[in-house]
Amino acid sequence: MPTARQKEKLRATDAPSKTAAGDGDKLVHSSRGGSGARRPLLTATTLLLLALALALSSLEGVHATPATLPSLHEIHVRRPLPTRNQFIPCIERYNVSTTPYQRVASHSASSSTSDEQIAFITPYSNSTETYWDASQSDNLIFHFHPEAIVYPRDSAQVSHVVACAAQHGNIAVAARSGGHSFAGYGSGGQDGSVIIDMLHLSDIHADSAHSWADVGPGARLGDVVKALWRDGRRAMPHGTCPTVGVGGHALCGGFGPSSRAWGLATDSMLEADVVLADGSIVTASRDSHPELLWALKGAGHFYGIVTRFRFRTQDASSPMTFLEYKWTKSIVGPDPIVDTVDAVQRWVADPSFPAGLGFHIQMGPASSIDRNAGLDNTLQTPQFTLHLRGMFLHPLAQYKPWADKLRTELRARGVPVPDYSDERAVDWLQLNQLWDDFGTQDHKLDTFAERLVHNKFVAKTVLSLDHRKPLLRDALRQTAQLMWDWMLKTWGLPRRWSWNVYFEMTGGSNVKYRDDAELVRASAFPHRDTLWLIQASVGTSPTGTIEPRAYTLIHQLEDSFRNAIAVSGSTPVAYGCYTDGDKTRSGAWKHDYYGDNVPKLEALKHQLDPTNLFRNPQTFGAASTSDDAEASQNSIVTHPLPR
């Protein structure tokens, strides 16, 4: 997923501008459009025009704000499908007279009582704005029309919702922790799904004495950082975007810069409370339902709704190191890009390279963010930035020898001294605050404020298998030349969208999640022997448009990455946490995400969810039912929001 800084660079101003791409101001943060006035009753002609506009906007991926939408009171609402029209009454029956369900023991993710009502939002009973806001995930490229968005408070309520969906049309069910799926799967990935939003299942209870923490799936990564730090200076491995939800992150893998030392987020999972497709509630652990726990650790969203995780935690009390280097003025063509990446590859190949050192290299056209580092303040000519940022889970003094080795490798290839360098001693909390580029200086890791800002981007991600096979210089040069050519091609044009690339170091020497045989056996996450996670992103402001040439760029970059990996003797695969909807049509997603584990995962899916209740466009088990397509069309007519 794009880093916070990467997302900030991707947000471009929506209004046409005469400003060159290189000297635009800081890219705009925005969330929703204005309120607007109500429209008169829609005529048949207006409905026809609305349908035409909807079709055109869906081709471009453009989204309207609530201000551009008619009120539900101003359109004719069709009833839901006959097979589904009892789902909401089923939920309402729980609210009138609750049915006693088997509850999880005292370590349940929520302390609410079972007689509390289940809150829900539907297109039939709520305003346009309310339904729009509730159904939207983080990435505004995608907008789907759920049958309902439900907000349970404990496992019993989740169980009831799942049972209602199963009994009344086998309606597709999807959990949403933070809503950061790259393909909008947190909102179902298709119309007509039931979304179980984990807003209220977000408690964090840490036990530093036993080195574990119970975490609700709706907790955000930034909240986990702060809660574990408060309780005995503890931590766990995870990504660096503070607003990402723990549930989706941990179930698909959960890589971050600390993973080389501590493993993936999913590797820290000791047990989980899960609501299965039949409504039963089980605790998956090494001693109880071990096969389910194995599947949850890497492919978890196919098998049930997790209502509580128990994670192993790490001692984070020792001093740590933040490191950052930038090159802009010295990047005068593709060759310095190749030389820098090649030097870094040789650096991490050192047999004694420390597991506690994690980083990524971000690159793309220079921006105002790069100017703020004290670089060239003119940017009148095209300029490219290469930015290495990382963390070392040990004191600064222990990092200094490795910094010297990096400089030696860079000098050997003629790479000049960075235009900007920062090596500083920090603690774990400060380290995560430095990686948070969305939060203001006084409100770092403020997940409540930051989640109000939506993104609009398209990303393509490739993993290179086998850490012993670095990218060859000739292969790197083709990719570097492509990036350089696009920087020249788009420089000086009106700034409607932006792009960048980053190489995340997932391999190198001494990687725990690859070398620890117990972690490998205990998890369905397959791609552990890798070197780079390479991602290209294009994005715009929440109300902007990603133009066709941006899609051309993103596909050319992906092809270039895959070719560079293949030419270098490795195999390009994908990372399941960064869902790519384009893989749905080809069916390539199964092997790309799950490798040789596909047969076992499919068998387990058939056993635990034979009707494929927990499904989206990329699903194990039976294909989506015909009702999904019909519900999708019905939803568009019922509530004509842009897709």
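Quick notes on this structure:
- Prolate/oblate/rounded call for segment 451-521, Cα gyration tensor, a/c under 1.5 rounded: oblate
- Whole-angstrom gap from segment 489-520 to segment 524-591, using each part's C-alpha centre: 11 Å
- Semi-axis lengths (Å, descending) of the ellipsoid that matches the C-alpha gyration tensor of segment 390-472: 30, 22, 14
- Segment 163-270 shape via C-alpha gyration tensor axes, a/c threshold 1.5: prolate
- Hypothetical label at residue 403: residues of segment 316-348 whose amide nitrogen lies under 15 Å (7 Å Cα-Cβ projection): 320-326
- When the Cα gyration tensor is reduced to axis lengths a ≥ b ≥ c, the ratio a/c is 1.5 or higher for segment 572-626, and with a/b not above b/c it is classed as oblate.
- Length released on extending from residue 381 to residue 441, taking residue separation times 0.36 nm less the Cα-Cα span: 18.5 nm
- Neighbour-count ranking [beta-carbon atoms within 10 angstrom, fewest first] of 233, 93: 93, 233
- Relative contact order of segment 174-289, defined on C-alpha pairs under 8 angstrom at six or more residues apart (%): 19 percent
- Using the Cβ-Cβ distance between residue 555 and residue 421 with R0 = 45 Å, the FRET efficiency computed as 1/(1 + (r/R0)^6) comes to roughly 0.80.
- Structure note, pairs 326/400; 297/600; 226/400: Cα-Cα distances above 22 angstrom occur for 226/400.
- Pairs exceeding a 21 Å alpha-carbon distance, out of 460/590; 460/583; 469/489: 469/489.
Rule-based calculations on the coordinates, nothing more; no lab input. Because the structure is predicted, anything quoted here is derived from the model rather than measured. In this analysis, Cβ positions are derived from the backbone assuming ideal geometry, glycine residues included, and neighbour counts consider all displayed protein chains.
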